[in-house]
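Written below as structure tokens is the structure these notes are about.
The values are calculated or read from the model by the stated rules, or taken from the named source; none is laboratory data. Model, not experiment: these values are computed from the prediction. Here the Cβ is made from the backbone with ideal geometry for all residues, glycine too, and neighbour counts use every protein chain on show.
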Amino acid sequence: MRVQITYIASSGNTYDLVTNGIRHKDANYYEWEWKVEGTKLQFGQRVADFSRDAATYETELIFVGSERQRRTLIQNLHDDFENDVRTKRTGKIIWGDYYLECYITASVTEPTDVLTRTSNKITIFAPYPFWIQAFHVTLPSSQETSSGYLDYTYDYAYDYTAPAMGSRYIQTNFPFESEFEMVIYGQAVNPRVVINGYAYVLYATIPEGAYVIINSRAKTIMMYQNGTRTNMFNFRNKTNSIFQRITGGDLAISWDSDFGVDLTIYHERSEPRVEVANG
């Protein structure tokens, strides 16, 4: 089965890399390495931690069609590659259900042996070297059955709408701790969401019509209301970190159903996972 491969530029322009005039050839997406940090011993090494460098991938794009079609498509794509770099805003490589935040930092374009084809070899630089699958959970308030608050550019692989208020049990097949983004919709007073026994608490009042976005990776808490943005970082629970990664495995979630929550859990892997068909 062919994996869907897409490039989404920071401008929002989207390029299908397996059809519509482009053919994505093999890339080294399945090469990765953890760095060992520790103390050298007489025999071996005492491991203190592991870390990761930014990732670099090499791939080749084959453009097909008339000379005008190829030239136009290449120039449009390269304009977006350069715009990402010049504005320091990452694009995304979508590989099946996973995406990689990246820049295209090098390019070599040359003709092929086939008159109607052009080769473009590119270097993909990923400052955050993980492939991410977004796992989306909606926890509605008692006044609604679904949130409908967010319109994502990229359709997430999983979308769960809670049939019951105040508690959810969600089965996952992801074993590791995960970063997350939590959106809490007002009105909410000192909102508290408990996941596998850990309480994520914000000591503040979110007015009706406003919402707060908590991003664990960026360590930010921002409230949006009537076109204004307010930093709510100082209202976090200072005893138990509101940025604590969500545990792996199945999730038991409880919350005050007076307010609604959109929770996106970012499953991060060293390589994209591809589901294998039975047989």
Subject >> Residue among D256, D250 that alone is in the same structural domain as S142 (by TED's automatic domain parsing), under 23 Å from the mean Cα position of the chain (by Cα) and of a type in the set (D, E) >> reply: D250
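Could you please find all residues in segment 205-219 being part of a loop (DSSP other than H, G, I, E, B) and more than 23 Å from I132 (Cβ to Cβ)?
Filtering segment 205-219 down to residues part of a loop (DSSP other than H, G, I, E, B) leaves 207-210, 216-219.
Across segment 205-219, the qualifying residues are P207, E208, G209, A210.
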Original post:
Condition test on I265, is it part of a strand (DSSP E or B) and of a type in the set (V, I, T)?
Top reply: yes
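I want to confirm something. Restricting to segment 2-56 and keeping residues that are among the aromatic types (F, W, Y) and closer than 21 Å to P129 by Cα, which single residue is nearest to the chain's Cα centre (by Cα)?
The initial filter retains those residues of segment 2-56 that are among the aromatic types (F, W, Y), namely 7, 15, 29-30, 32, 34, 43, 50.
If we keep only those that are closer than 21 Å to P129 by Cα as well, we get 7, 29-30, 32, 34, 50.
Details: Y7: 14, Y29: 16, Y30: 18, W32: 18, W34: 20, F50: 22 Å.
Within segment 2-56, the match that is nearest to the chain's Cα centre (by Cα) is Y7.
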Original post:
Residues in segment 220-259 that are within 13 Å of M182 (Cβ to Cβ) and either among the charged types (D, E, K, R) or touching a Gly at 6+ places or on another chain (Cβ under 9 Å) (or both): how many?
Top reply: 5
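Can you tell me which residues in segment 236-279 are of a type in the set (S, T, N, Q) and under 13 Å from I214 (Cβ atoms)? Before the answer, list the steps.
Pass one, segment 236-279, residues of a type in the set (S, T, N, Q): 237, 239-241, 244, 247, 254, 257, 264, 270, 278.
Residues satisfying the conditions are N237, S241, Q244, T264.
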Subject >> Residue under evaluation R23, criteria (1) in a loop (DSSP other than H, G, I, E, B); (2) modelled with pLDDT under 95, criterion not met >> reply: (1)
**OP:** Could you tell me which numbered condition A48 fails, if it satisfies all but one of (1) more than 22 Å from K121 (Cα to Cα); (2) outside any strand (DSSP E or B)?
**Re:** (2)
Original post:
Applying the selection to segment 15-60, what residues are surrounded by 11 or more Cβ atoms within 10 Å (Cβ to Cβ), of a type in the set (G, A, S) and over 17 Å from K92 (Cα atoms)?
Top reply: G21, G38
Original post:
What are the residue pairs meeting all of these: first residue in segment 16-40, first residue touching a residue at least 24 places away in the same chain (Cβ under 8 Å) and in the same structural domain as A54 (by TED's automatic domain parsing), second residue of a type in the set (D, E) and surrounded by 12 or more Cβ atoms within 10 Å (Cβ to Cβ), Cβ atoms under 7 Å, and 6 or more apart or on different chains?
Top reply: I22/D16; K25/E60; A27/E58; N28/E58; Y29/E271; Y30/E271; W32/E271
Subject >> Of residues in segment 220-239 being assigned to a strand (DSSP E or B) and among the basic types (K, R), the one nearest to N190 (Cα to Cα) >> reply: R236
**OP:** Taking T239 as meeting all but one of (1) of a type in the set (V, I, T); (2) under 24 Å from the mean Cα position of the chain (by Cα); (3) exposed (fewer than 15 other Cβ atoms within 10 Å of the Cβ), write down the number of the exception.
**Re:** (2)
